[in-house]
Amino acid sequence: MIPFAIGLGVGLAIGALFALWQMSWFRSLRRYLLDAMDAIVQGRYDVRMYEYRSRPAEIAIFRHFNRMAERIQETLADLSQERDILRHILQNMTTGVIYLRSDGQVQMVNHAAERLFRRPVEQWKDRDHWTVFRNYQLGSAIDHALLFGTPWSGEFQIRDGVTVAVRLVPISAAPRMRNKADGRHDVLMLVNDVSEWRRLERMRSDFVANVSHELKTPIAAIRGFAETLLDGDVDEEAREKFLRTIYEESLRMGNLVSDLLELSKLEASDSHVDPVAVDLYEVLVRAVDRVRPVANEKEITIELPREQRLHVWAEPDLLLQVFLNLLTNAIHYSPPKSRVCVTWDVLVDRVKVHVKDNGIGIPKESLPRVFERFYRVHKDRSRASGGTGLGLAIVKHIVTALGGEVGVESEEGKGSDFWFTLSRLDARP
Ligand SMILES: Nc1ncnc2c1ncn2[C@@H]1O[C@H](COP(=O)(O)OP(=O)(O)O)[C@@H](O)[C@H]1O
Ligand SMILES: [Mg+2]
(Lines give C-alpha, C1' and ligand atoms only; values in the text may rest on other atoms or scores of the structure.)
(Ligands and ions follow the chains in the order given, each with its own letter.)
Protein backbone atom coordinates (compact mmCIF):
# COMPACT_ATOMS: atom_id res chain seq x y z
CA MET A 1 0.00 0.00 0.00
CA ILE A 2 2.71 2.41 1.08
CA PRO A 3 4.78 1.96 -2.05
CA PHE A 4 1.68 2.59 -4.05
CA ALA A 5 0.97 5.79 -2.15
CA ILE A 6 4.55 6.94 -2.61
CA GLY A 7 4.32 6.10 -6.26
CA LEU A 8 1.09 8.08 -6.58
CA GLY A 9 2.53 11.01 -4.65
CA VAL A 10 5.63 11.12 -6.81
CA GLY A 11 3.50 10.72 -9.90
CA LEU A 12 1.22 13.62 -8.84
CA ALA A 13 4.24 15.75 -7.97
CA ILE A 14 5.79 15.08 -11.35
CA GLY A 15 2.46 15.78 -13.02
CA ALA A 16 2.11 19.07 -11.11
CA LEU A 17 5.68 20.07 -11.95
CA PHE A 18 5.03 19.28 -15.57
CA ALA A 19 1.83 21.29 -15.54
CA LEU A 20 3.65 24.22 -13.92
CA TRP A 21 6.45 24.04 -16.43
CA GLN A 22 3.92 23.87 -19.25
CA MET A 23 2.10 26.92 -17.92
CA SER A 24 5.21 29.01 -17.59
CA TRP A 25 6.20 27.97 -21.12
CA PHE A 26 2.79 28.99 -22.33
CA ARG A 27 3.06 32.34 -20.55
CA SER A 28 6.42 33.12 -22.01
CA LEU A 29 5.16 32.16 -25.47
CA ARG A 30 2.22 34.51 -24.97
CA ARG A 31 4.49 37.33 -23.90
CA TYR A 32 6.79 36.72 -26.82
CA LEU A 33 3.84 36.85 -29.23
CA LEU A 34 2.36 39.96 -27.63
CA ASP A 35 5.71 41.77 -27.76
CA ALA A 36 6.09 40.91 -31.43
CA MET A 37 2.57 42.12 -32.24
CA ASP A 38 3.20 45.27 -30.24
CA ALA A 39 6.22 45.95 -32.44
CA ILE A 40 3.99 45.65 -35.52
CA VAL A 41 1.44 48.02 -33.98
CA GLN A 42 4.24 50.50 -33.41
CA GLY A 43 5.23 50.28 -37.03
CA ARG A 44 8.39 48.18 -36.64
CA TYR A 45 7.53 45.86 -39.48
CA ASP A 46 10.98 44.29 -39.54
CA VAL A 47 10.30 42.39 -36.33
CA ARG A 48 10.56 38.58 -36.64
CA MET A 49 9.99 35.65 -34.25
CA TYR A 50 12.87 33.23 -33.78
CA GLU A 51 12.55 29.49 -33.46
CA TYR A 52 15.26 29.19 -30.85
CA ARG A 53 14.72 26.08 -28.67
CA SER A 54 11.15 25.85 -29.77
CA ARG A 55 8.70 23.12 -30.41
CA PRO A 56 7.01 22.21 -33.65
CA ALA A 57 3.70 23.82 -32.58
CA GLU A 58 5.38 27.13 -31.81
CA ILE A 59 7.42 26.98 -34.93
CA ALA A 60 4.24 26.91 -37.00
CA ILE A 61 2.90 29.97 -35.16
CA PHE A 62 6.20 31.82 -35.52
CA ARG A 63 6.37 31.08 -39.20
CA HIS A 64 2.85 32.35 -39.69
CA PHE A 65 3.63 35.48 -37.78
CA ASN A 66 6.82 36.07 -39.76
CA ARG A 67 5.02 35.56 -43.03
CA MET A 68 2.40 38.09 -42.02
CA ALA A 69 5.07 40.65 -41.01
CA GLU A 70 6.87 40.10 -44.31
CA ARG A 71 3.67 40.63 -46.30
CA ILE A 72 2.93 43.85 -44.48
CA GLN A 73 6.49 45.03 -45.02
CA GLU A 74 6.36 44.20 -48.74
CA THR A 75 2.99 45.83 -49.28
CA LEU A 76 4.14 48.96 -47.51
CA ALA A 77 7.36 49.05 -49.54
CA ASP A 78 5.34 48.73 -52.75
CA LEU A 79 3.02 51.49 -51.66
CA SER A 80 5.83 53.82 -50.69
CA GLN A 81 7.62 53.16 -53.96
CA GLU A 82 4.44 53.99 -55.84
CA ARG A 83 4.03 57.11 -53.75
CA ASP A 84 7.62 58.14 -54.54
CA ILE A 85 7.02 57.70 -58.25
CA LEU A 86 3.85 59.76 -58.07
CA ARG A 87 5.64 62.42 -56.07
CA HIS A 88 8.46 62.63 -58.63
CA ILE A 89 5.95 62.92 -61.47
CA LEU A 90 4.01 65.57 -59.60
CA GLN A 91 7.07 67.62 -58.73
CA ASN A 92 8.58 67.50 -62.18
CA MET A 93 5.59 68.19 -64.34
CA THR A 94 5.20 71.61 -65.96
CA THR A 95 1.59 71.98 -64.85
CA GLY A 96 1.19 73.64 -61.48
CA VAL A 97 -0.76 71.40 -59.09
CA ILE A 98 -2.33 72.68 -55.88
CA TYR A 99 -4.45 70.53 -53.58
CA LEU A 100 -6.98 72.35 -51.42
CA ARG A 101 -8.52 70.63 -48.45
CA SER A 102 -12.26 70.89 -47.94
CA ASP A 103 -11.67 73.61 -45.33
CA GLY A 104 -10.23 75.77 -48.11
CA GLN A 105 -6.63 75.50 -46.97
CA VAL A 106 -3.72 74.43 -49.11
CA GLN A 107 -2.65 70.87 -48.47
CA MET A 108 -0.02 70.45 -51.17
CA VAL A 109 1.71 72.36 -54.00
CA ASN A 110 4.22 71.19 -56.56
CA HIS A 111 7.35 72.97 -57.80
CA ALA A 112 5.67 74.23 -60.96
CA ALA A 113 3.03 76.04 -58.91
CA GLU A 114 5.72 77.48 -56.61
CA ARG A 115 7.56 78.80 -59.64
CA LEU A 116 4.47 80.14 -61.42
CA PHE A 117 3.25 82.07 -58.40
CA ARG A 118 6.77 82.88 -57.18
CA ARG A 119 5.87 81.67 -53.70
CA PRO A 120 7.86 79.07 -51.75
CA VAL A 121 5.99 76.10 -50.38
CA GLU A 122 6.13 77.39 -46.79
CA GLN A 123 3.98 80.31 -47.82
CA TRP A 124 1.24 78.00 -49.09
CA LYS A 125 0.85 75.20 -46.64
CA ASP A 126 -2.19 75.34 -44.40
CA ARG A 127 -3.09 78.83 -45.59
CA ASP A 128 -6.53 79.80 -46.71
CA HIS A 129 -6.83 80.06 -50.47
CA TRP A 130 -8.07 83.66 -50.24
CA THR A 131 -4.81 84.75 -48.65
CA VAL A 132 -2.81 82.92 -51.30
CA PHE A 133 -4.45 83.91 -54.59
CA ARG A 134 -6.11 87.24 -53.80
CA ASN A 135 -8.20 87.15 -56.95
CA TYR A 136 -11.92 87.63 -56.54
CA GLN A 137 -13.03 85.61 -59.55
CA LEU A 138 -10.76 82.67 -58.72
CA GLY A 139 -11.54 82.82 -55.00
CA SER A 140 -15.26 82.60 -55.50
CA ALA A 141 -14.86 79.82 -58.06
CA ILE A 142 -12.80 77.87 -55.50
CA ASP A 143 -15.43 78.45 -52.82
CA HIS A 144 -18.10 77.18 -55.18
CA ALA A 145 -16.05 74.10 -55.95
CA LEU A 146 -15.44 73.45 -52.24
CA LEU A 147 -19.07 73.87 -51.24
CA PHE A 148 -21.04 72.53 -54.19
CA GLY A 149 -18.47 70.55 -56.17
CA THR A 150 -18.77 72.84 -59.21
CA PRO A 151 -15.86 72.44 -61.63
CA TRP A 152 -14.47 75.62 -63.17
CA SER A 153 -11.90 76.68 -65.70
CA GLY A 154 -10.73 80.13 -66.62
CA GLU A 155 -7.79 82.39 -67.18
CA PHE A 156 -6.33 85.20 -65.22
CA GLN A 157 -3.23 87.32 -65.07
CA ILE A 158 -1.05 86.68 -62.02
CA ARG A 159 1.43 89.42 -62.78
CA ASP A 160 2.60 91.56 -65.67
CA GLY A 161 2.99 89.37 -68.74
CA VAL A 162 2.06 86.10 -67.04
CA THR A 163 -1.35 84.66 -67.82
CA VAL A 164 -2.38 81.29 -66.44
CA ALA A 165 -5.17 78.92 -67.33
CA VAL A 166 -6.69 77.37 -64.22
CA ARG A 167 -8.87 74.28 -63.91
CA LEU A 168 -10.62 73.37 -60.68
CA VAL A 169 -11.48 69.71 -60.16
CA PRO A 170 -13.66 69.08 -57.11
CA ILE A 171 -13.02 65.78 -55.39
CA SER A 172 -15.64 64.32 -53.12
CA ALA A 173 -14.02 64.08 -49.68
CA ALA A 174 -16.67 61.85 -48.10
CA PRO A 175 -15.30 58.36 -48.82
CA ARG A 176 -11.85 59.25 -47.55
CA MET A 177 -12.70 60.82 -44.24
CA ARG A 178 -15.54 59.76 -42.03
CA ASN A 179 -15.99 63.13 -40.35
CA LYS A 180 -16.60 64.90 -43.64
CA ALA A 181 -20.20 63.98 -44.03
CA ASP A 182 -21.10 67.64 -44.61
CA GLY A 183 -20.85 67.17 -48.39
CA ARG A 184 -17.91 69.52 -48.86
CA HIS A 185 -15.26 68.77 -51.44
CA ASP A 186 -11.54 68.88 -51.72
CA VAL A 187 -10.35 70.76 -54.80
CA LEU A 188 -7.54 69.90 -57.15
CA MET A 189 -6.30 72.99 -58.93
CA LEU A 190 -4.34 72.67 -62.18
CA VAL A 191 -2.48 75.70 -63.45
CA ASN A 192 -0.84 76.15 -66.85
CA ASP A 193 1.22 79.08 -68.07
CA VAL A 194 -0.40 80.29 -71.29
CA SER A 195 1.41 83.64 -71.57
CA GLU A 196 3.38 82.56 -74.60
CA TRP A 197 0.23 81.46 -76.45
CA ARG A 198 -1.51 84.70 -75.67
CA ARG A 199 1.55 86.68 -76.76
CA LEU A 200 1.69 84.80 -80.07
CA GLU A 201 -2.01 85.33 -80.61
CA ARG A 202 -1.63 89.04 -79.97
CA MET A 203 1.36 89.16 -82.30
CA ARG A 204 -0.60 87.46 -85.04
CA SER A 205 -3.56 89.77 -84.75
CA ASP A 206 -1.21 92.79 -84.61
CA PHE A 207 0.44 91.46 -87.73
CA VAL A 208 -2.84 91.11 -89.59
CA ALA A 209 -3.83 94.60 -88.50
CA ASN A 210 -0.49 95.96 -89.71
CA VAL A 211 -0.73 94.24 -93.07
CA SER A 212 -4.27 95.48 -93.61
CA HIS A 213 -3.18 98.97 -92.71
CA GLU A 214 -0.20 98.81 -95.05
CA LEU A 215 -2.43 97.66 -97.91
CA LYS A 216 -5.15 100.22 -97.27
CA THR A 217 -2.97 103.23 -98.09
CA PRO A 218 -1.88 102.21 -101.59
CA ILE A 219 -5.34 100.87 -102.42
CA ALA A 220 -6.95 104.15 -101.38
CA ALA A 221 -4.44 106.08 -103.49
CA ILE A 222 -4.96 103.88 -106.52
CA ARG A 223 -8.72 104.08 -106.22
CA GLY A 224 -8.68 107.85 -105.78
CA PHE A 225 -6.49 108.51 -108.79
CA ALA A 226 -8.30 106.00 -110.96
CA GLU A 227 -11.64 107.63 -110.11
CA THR A 228 -10.31 111.04 -111.06
CA LEU A 229 -9.01 109.65 -114.32
CA LEU A 230 -12.33 107.96 -115.08
CA ASP A 231 -14.15 111.24 -114.51
CA GLY A 232 -12.28 112.48 -117.59
CA ASP A 233 -11.62 116.21 -117.48
CA VAL A 234 -7.90 115.87 -116.68
CA ASP A 235 -5.21 117.50 -118.71
CA GLU A 236 -2.39 115.49 -120.21
CA GLU A 237 0.18 116.49 -117.57
CA ALA A 238 -2.04 115.57 -114.62
CA ARG A 239 -3.01 112.35 -116.33
CA GLU A 240 0.62 111.38 -116.63
CA LYS A 241 1.23 112.22 -112.97
CA PHE A 242 -1.78 110.22 -111.77
CA LEU A 243 -0.86 107.22 -113.83
CA ARG A 244 2.68 107.34 -112.45
CA THR A 245 1.34 107.43 -108.89
CA ILE A 246 -0.94 104.49 -109.61
CA TYR A 247 2.00 102.63 -111.03
CA GLU A 248 4.22 103.40 -108.03
CA GLU A 249 1.55 102.48 -105.51
CA SER A 250 0.97 99.17 -107.25
CA LEU A 251 4.71 98.56 -107.13
CA ARG A 252 4.62 99.22 -103.41
CA MET A 253 1.80 96.74 -102.97
CA GLY A 254 3.73 94.25 -105.05
CA ASN A 255 6.79 94.73 -102.81
CA LEU A 256 4.71 94.27 -99.71
CA VAL A 257 3.12 91.10 -100.99
CA SER A 258 6.43 89.60 -102.08
CA ASP A 259 8.05 90.49 -98.72
CA LEU A 260 5.14 88.90 -96.91
CA LEU A 261 5.44 85.79 -99.04
CA GLU A 262 9.16 85.72 -98.36
CA LEU A 263 8.56 85.92 -94.61
CA SER A 264 5.91 83.23 -94.59
CA LYS A 265 8.11 81.01 -96.74
CA LEU A 266 10.96 81.52 -94.27
CA GLU A 267 8.73 80.76 -91.33
CA ALA A 268 7.43 77.63 -92.98
CA SER A 269 10.91 76.33 -93.83
CA ASP A 270 12.52 77.46 -90.57
CA SER A 271 13.47 74.02 -89.46
CA HIS A 272 14.84 72.84 -92.77
CA VAL A 273 17.22 75.44 -94.09
CA ASP A 274 20.05 73.43 -95.60
CA PRO A 275 23.27 75.42 -95.39
CA VAL A 276 25.96 74.63 -97.93
CA ALA A 277 29.40 76.06 -98.57
CA VAL A 278 28.84 79.43 -100.22
CA ASP A 279 31.42 81.79 -101.67
CA LEU A 280 30.71 85.00 -99.77
CA TYR A 281 32.38 87.33 -102.27
CA GLU A 282 30.54 85.87 -105.21
CA VAL A 283 27.13 86.37 -103.61
CA LEU A 284 28.08 89.91 -102.59
CA VAL A 285 29.04 90.77 -106.17
CA ARG A 286 25.71 89.42 -107.42
CA ALA A 287 23.86 91.59 -104.93
CA VAL A 288 25.89 94.69 -105.78
CA ASP A 289 25.17 94.19 -109.50
CA ARG A 290 21.47 94.18 -108.72
CA VAL A 291 21.48 97.40 -106.67
CA ARG A 292 23.99 99.22 -108.88
CA PRO A 293 21.32 101.06 -111.00
CA VAL A 294 19.71 102.60 -107.88
CA ALA A 295 23.12 103.51 -106.48
CA ASN A 296 24.17 105.09 -109.75
CA GLU A 297 21.03 107.22 -109.78
CA LYS A 298 22.14 108.77 -106.49
CA GLU A 299 25.81 108.63 -107.51
CA ILE A 300 26.57 106.49 -104.50
CA THR A 301 29.73 104.42 -104.67
CA ILE A 302 29.76 100.94 -103.23
CA GLU A 303 33.11 99.74 -101.89
CA LEU A 304 33.77 96.02 -101.68
CA PRO A 305 36.41 94.23 -99.64
CA ARG A 306 39.34 92.98 -101.67
CA GLU A 307 38.48 89.74 -103.33
CA GLN A 308 39.15 86.68 -101.24
CA ARG A 309 37.94 83.15 -101.40
CA LEU A 310 36.00 82.77 -98.25
CA HIS A 311 33.38 80.14 -97.72
CA VAL A 312 30.56 80.37 -95.25
CA TRP A 313 27.73 78.07 -94.24
CA ALA A 314 24.68 79.56 -95.91
CA GLU A 315 22.00 79.19 -98.54
CA PRO A 316 23.01 81.25 -101.62
CA ASP A 317 19.56 82.72 -102.36
CA LEU A 318 18.92 83.59 -98.73
CA LEU A 319 22.34 85.18 -98.36
CA LEU A 320 21.66 87.20 -101.51
CA GLN A 321 18.42 88.44 -99.92
CA VAL A 322 20.34 89.58 -96.83
CA PHE A 323 22.84 91.57 -98.89
CA LEU A 324 20.11 93.04 -101.12
CA ASN A 325 18.10 94.26 -98.15
CA LEU A 326 21.07 95.77 -96.32
CA LEU A 327 22.50 97.39 -99.45
CA THR A 328 19.15 98.89 -100.55
CA ASN A 329 18.66 100.30 -97.07
CA ALA A 330 22.17 101.75 -97.04
CA ILE A 331 21.50 103.40 -100.39
CA HIS A 332 17.99 104.64 -99.54
CA TYR A 333 18.91 106.13 -96.21
CA SER A 334 22.05 107.92 -97.46
CA PRO A 335 22.37 111.27 -99.17
CA PRO A 336 23.44 111.38 -102.85
CA LYS A 337 27.15 111.07 -103.65
CA SER A 338 27.95 109.25 -100.41
CA ARG A 339 29.65 105.91 -99.96
CA VAL A 340 28.45 102.51 -98.91
CA CYS A 341 31.16 100.21 -97.68
CA VAL A 342 31.04 96.43 -97.27
CA THR A 343 33.78 94.85 -95.15
CA TRP A 344 34.21 91.68 -93.17
CA ASP A 345 36.25 90.48 -90.23
CA VAL A 346 37.39 86.89 -90.40
CA LEU A 347 37.15 85.43 -86.91
CA VAL A 348 38.16 81.99 -85.66
CA ASP A 349 34.98 80.19 -86.61
CA ARG A 350 32.85 82.99 -88.00
CA VAL A 351 32.80 85.88 -90.41
CA LYS A 352 31.36 89.20 -89.32
CA VAL A 353 30.08 91.12 -92.33
CA HIS A 354 29.49 94.89 -92.10
CA VAL A 355 27.44 97.06 -94.43
CA LYS A 356 28.27 100.65 -93.50
CA ASP A 357 26.91 103.93 -94.79
CA ASN A 358 27.36 107.63 -94.04
CA GLY A 359 23.63 108.24 -94.18
CA ILE A 360 21.00 109.67 -91.89
CA GLY A 361 21.58 107.11 -89.16
CA ILE A 362 19.13 105.85 -86.56
CA PRO A 363 18.31 107.51 -83.22
CA LYS A 364 19.42 105.54 -80.19
CA GLU A 365 15.92 104.82 -78.89
CA SER A 366 14.91 103.17 -82.19
CA LEU A 367 17.94 100.91 -82.45
CA PRO A 368 16.49 97.96 -80.54
CA ARG A 369 13.36 97.99 -82.68
CA VAL A 370 14.57 98.30 -86.27
CA PHE A 371 14.49 94.54 -86.80
CA GLU A 372 10.81 94.35 -85.85
CA ARG A 373 8.23 93.84 -88.55
CA PHE A 374 6.77 97.06 -89.92
CA TYR A 375 8.91 99.20 -87.68
CA ARG A 376 10.12 102.26 -89.53
CA VAL A 377 12.21 105.09 -88.18
CA HIS A 378 11.95 107.27 -91.22
CA LYS A 379 8.38 106.67 -92.32
CA ASP A 380 8.17 109.09 -95.22
CA ARG A 381 11.53 108.18 -96.61
CA SER A 382 10.72 104.48 -96.35
CA ARG A 383 7.43 104.93 -98.17
CA ALA A 384 9.00 107.10 -100.83
CA SER A 385 11.54 104.39 -101.55
CA GLY A 386 8.88 101.71 -101.80
CA GLY A 387 9.98 100.23 -98.46
CA THR A 388 7.72 97.82 -96.67
CA GLY A 389 9.20 97.87 -93.19
CA LEU A 390 9.81 94.15 -93.51
CA GLY A 391 13.33 94.13 -94.97
CA LEU A 392 15.27 93.99 -91.73
CA ALA A 393 12.80 91.50 -90.23
CA ILE A 394 13.56 89.24 -93.19
CA VAL A 395 17.31 89.76 -92.71
CA LYS A 396 17.10 88.83 -89.05
CA HIS A 397 15.01 85.78 -89.80
CA ILE A 398 17.40 84.49 -92.44
CA VAL A 399 20.58 85.08 -90.44
CA THR A 400 19.09 83.47 -87.34
CA ALA A 401 17.94 80.47 -89.36
CA LEU A 402 21.52 80.14 -90.65
CA GLY A 403 22.78 80.13 -87.07
CA GLY A 404 24.22 83.64 -87.05
CA GLU A 405 23.51 86.94 -85.35
CA VAL A 406 22.55 90.40 -86.59
CA GLY A 407 23.03 93.83 -85.13
CA VAL A 408 23.42 97.49 -85.82
CA GLU A 409 25.50 100.37 -84.58
CA SER A 410 24.39 103.75 -85.65
CA GLU A 411 24.58 107.43 -84.86
CA GLU A 412 21.94 109.85 -86.01
CA GLY A 413 23.25 112.06 -88.80
CA LYS A 414 26.51 110.17 -89.11
CA GLY A 415 25.64 106.80 -90.54
CA SER A 416 24.90 103.19 -89.72
CA ASP A 417 26.80 99.96 -89.53
CA PHE A 418 24.59 96.91 -90.01
CA TRP A 419 26.40 93.64 -89.33
CA PHE A 420 25.70 89.93 -89.33
CA THR A 421 27.73 86.81 -88.62
CA LEU A 422 27.87 83.46 -90.35
CA SER A 423 29.78 80.27 -89.64
CA ARG A 424 33.01 80.11 -91.58
CA LEU A 425 34.26 77.08 -93.41
CA ASP A 426 37.94 76.42 -93.19
CA ALA A 427 39.45 77.18 -96.60
CA ARG A 428 41.87 74.29 -96.23
CA PRO A 429 40.61 70.90 -97.40
N1 LIG B 1 21.06 102.00 -93.34
C2 LIG B 1 20.06 102.61 -92.65
N3 LIG B 1 20.22 103.88 -92.23
C4 LIG B 1 19.24 104.50 -91.55
N5 LIG B 1 18.06 103.93 -91.22
C6 LIG B 1 17.84 102.65 -91.62
C7 LIG B 1 18.83 101.95 -92.36
N8 LIG B 1 18.35 100.71 -92.59
C9 LIG B 1 17.11 100.68 -92.05
N10 LIG B 1 16.81 101.84 -91.46
C11 LIG B 1 15.56 102.16 -90.75
O12 LIG B 1 14.99 100.95 -90.31
C13 LIG B 1 13.67 100.82 -90.82
C14 LIG B 1 13.39 99.36 -91.15
O15 LIG B 1 14.11 98.94 -92.26
P16 LIG B 1 13.52 97.85 -93.22
O17 LIG B 1 13.04 96.75 -92.39
O18 LIG B 1 14.49 97.55 -94.29
O19 LIG B 1 12.23 98.57 -93.80
P20 LIG B 1 12.09 99.56 -95.03
O21 LIG B 1 11.24 98.83 -95.96
O22 LIG B 1 11.42 100.75 -94.45
O23 LIG B 1 13.45 99.81 -95.58
C24 LIG B 1 13.61 101.72 -92.03
O25 LIG B 1 12.30 102.18 -92.23
C26 LIG B 1 14.56 102.82 -91.66
O27 LIG B 1 13.87 103.81 -90.93
MG1 LIG C 1 14.49 98.08 -96.38
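The values are calculated or read from the model by the stated rules, or taken from the named source; none is laboratory data. On a predicted model such as this, the values are computed, not experimentally measured, just so you know. Ideal geometry is used to build each Cβ from the backbone, glycine not excepted, and the neighbour counts take in all protein chains shown.
Restrict the check to region 403-419 and report whether at least one residue is closer than 27 Å to residue 204 by Cα, small (Gly, Ala, Ser), crowded, with 17+ Cβ neighbours inside 10 Å and modelled with pLDDT of 90 or more.
For region 403-419, residues closer than 27 Å to residue 204 by Cα, small (Gly, Ala, Ser), crowded, with 17+ Cβ neighbours inside 10 Å and modelled with pLDDT of 90 or more: present.
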Of the residues in region 331-362, how many are near ligand 1 (Cβ under 8 Å from one of its atoms) and either polar (S, T, N, Q) or on the phi > 0 side of the Ramachandran plot (or both)?
2
When residue 288 is run through (1) within 13 Å of ligand 1 (Cβ to nearest atom); (2) at pLDDT 95 or above; (3) in contact with a helix residue (DSSP H, G or I) (Cβ under 9 Å, 6 or more places away or on another chain), the failure sits at (1)
Number of the exception - residue 340 against (1) at pLDDT 95 or above; (2) under 22 Å from residue 258 (Cβ atoms); (3) over 33 Å from the mean Cα position of the chain (by Cα):
(2)
Looking at this structure, is residue 357 acidic (Asp, Glu) and either within 13 Å of ligand 2 (Cβ to nearest atom) or within 20 Å of residue 264 (Cα to Cα) (or both)?
yes
Among residues of region 284-321 being part of a strand (DSSP E or B) and under 45 Å from the mean Cα position of the chain (by Cα), the residue surrounded by the most Cβ atoms within 10 Å (Cβ to Cβ) is 314
Check off (1) among the charged types (D, E, K, R); (2) closer than 20 Å to residue 185 by Cβ; (3) exposed (fewer than 12 other Cβ atoms within 10 Å of the Cβ) for residue 118 and give me the number that stays unchecked.
(2)
Would you be able to say whether some residue in region 299-314 is out of contact with any helix residue (DSSP H, G or I) (no Cβ under 8 Å at 6 or more places or on another chain) and either closer than 25 Å to residue 375 by Cα or of a type in the set (Ser, Thr, Tyr) (or both)?
no
Could you tell me whether region 390-411 includes any residue that is assigned to a loop (DSSP other than H, G, I, E, B) and within 12 Å of ligand 2 (Cβ to nearest atom)?
yes
Within region 389-408, residues touching a residue at least 40 places away in the same chain (Cβ under 8 Å) and of a type outside the set (A, V, I, L, M) come out as 389, 391, 397, 403, 404
Pairs under 8 Å by beta carbon, first residue farther than 16 Å from residue 333 by Cα in region 368-384, partner more than 8 Å from ligand 1 (Cβ to nearest atom), six or more apart or different chains?
373/207; 373/210; 373/263; 374/210; 374/214
Residue 365 passes all but one of the listed conditions (1) surrounded by fewer than 18 Cβ atoms within 10 Å (Cβ to Cβ); (2) part of a loop (DSSP other than H, G, I, E, B); (3) more than 9 Å from ligand 1 (Cβ to nearest atom); the exception is number (2)
Restricting to region 322-354, name every residue that is farther than 20 Å from residue 283 by Cβ, within 13 Å of ligand 2 (Cβ to nearest atom) and either hydroxyl-bearing (Ser, Thr, Tyr) or surrounded by fewer than 17 Cβ atoms within 10 Å (Cβ to Cβ) (or both).
333, 334
Would you point out the residue of region 368-391, among those that are over 19 Å from residue 414 (Cβ atoms) and of a type in the set (A, V, I, L, M, F, W, C), that is farthest from ligand 1 (Cβ to nearest atom)?
384
